[in-house]
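The values are calculated or read from the model by the stated rules, or taken from the named source; none is laboratory data. Because the structure is a prediction, the values reported are computed rather than measured. Methodologically, a virtual Cβ is constructed for each residue, glycine included, from the backbone with ideal geometry; neighbour enumeration extends over all protein chains shown. Please note that ligands, DNA and RNA were not included when accessible areas were found on the heavy atoms of the full protein model with its side chains. Shrake-Rupley method; radii C 1.70, N 1.55, O 1.52, S 1.80 Å.
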Amino acid sequence: MTPEEFQNEATSLRPDLLGEALRYVRRQDVAEDIAQDCLMRLWTMRGDLHSPMAPLARVVTRNLCLDFLRRNPHVDDVALIGNTDDTETAQRHEAVERMMDIVTELPVVQQTVLRLRHIEGREMADIANTLAMSEAAVRKALSRARMAVREMYLKRYHQE
């Protein structure tokens with residue numbers, strides 16, 4: 001692919017990639033960074049690319065978004081729910097930290113589904129669309145993830 005061909009296709013693709021990233025990360029600044037990073041990666045591969053590059057660009061964008069979500073869990077919002085005194089807040093925060101440590105040990109799909117559903121509050125259909133899965137598969141992964149977290153939490157911390 002010539003630089004001119006790449007430029008033309010990238011210009012028309014950028015809004016779609018930005019929208020795709022925005023559906024995952026829900027933050028405009030991060031979505032713009034991810035879309036730009038995707039185009040930079042495709043630019044380095046332009047010699048091996050051919051039109052249309054949209055399917056590859058969407059996959060690269062999705063993977064960059066999932067990497068971002070794995071690296072940046074949003075624990076603080078969950079830990080500070082409700083008006084409680086300091087000791088109760090500290091206990092909740094500790095429990096959430098313990099659970100998030102357990103979540104990091106789950107398979108990637110289960111981690112992602114749990115975070116999208118419980119931390120970001122997304123709907124099942126949105127998660128299914130985002131991860132290119134059926135809603136039934138998302139519900140099954142979420143159920144298995146919840147059970148695994150519960151079992152591991154009880155094994156590790158119940159005797160305390």
Over segment 122-157, the set of residues hydroxyl-bearing (Ser, Thr, Tyr) and part of a helix (DSSP H, G or I) is Thr130, Ser143, Tyr153, Tyr157
Note on segment 105-121: residues at pLDDT below 85 and not in a helix (DSSP H, G or I) are Glu120, Gly121
Within segment 134-150, the residues that are open to solvent by 50 Å² or more (accessible area, probe 1.4 Å) and in contact (Cβ under 8 Å) with a residue 24 or more places away in the chain are Arg144, Arg146
Condition check: basic (Lys, Arg) and under 20 Å from Arg27 (Cα atoms). Does Arg115 satisfy that? yes
key: Test: Ile81 is surrounded by 15 or more Cβ atoms within 10 Å (Cβ to Cβ), at pLDDT below 85, closer than 25 Å to Met152 by Cβ and of a type in the set (A, V, I, L, M, F, W, C)   = no
Residue check: is Ala125 among the small types (Gly, Ala, Ser), within 23 Å of Arg26 (Cα to Cα) and open to solvent by less than 70 Å² (accessible area, probe 1.4 Å)?
yes
Note on segment 1-54: residues more than 21 Å from Asp126 (Cβ to Cβ), among the aromatic types (Phe, Trp, Tyr) and open to solvent by less than 70 Å² (accessible area, probe 1.4 Å) are Phe6
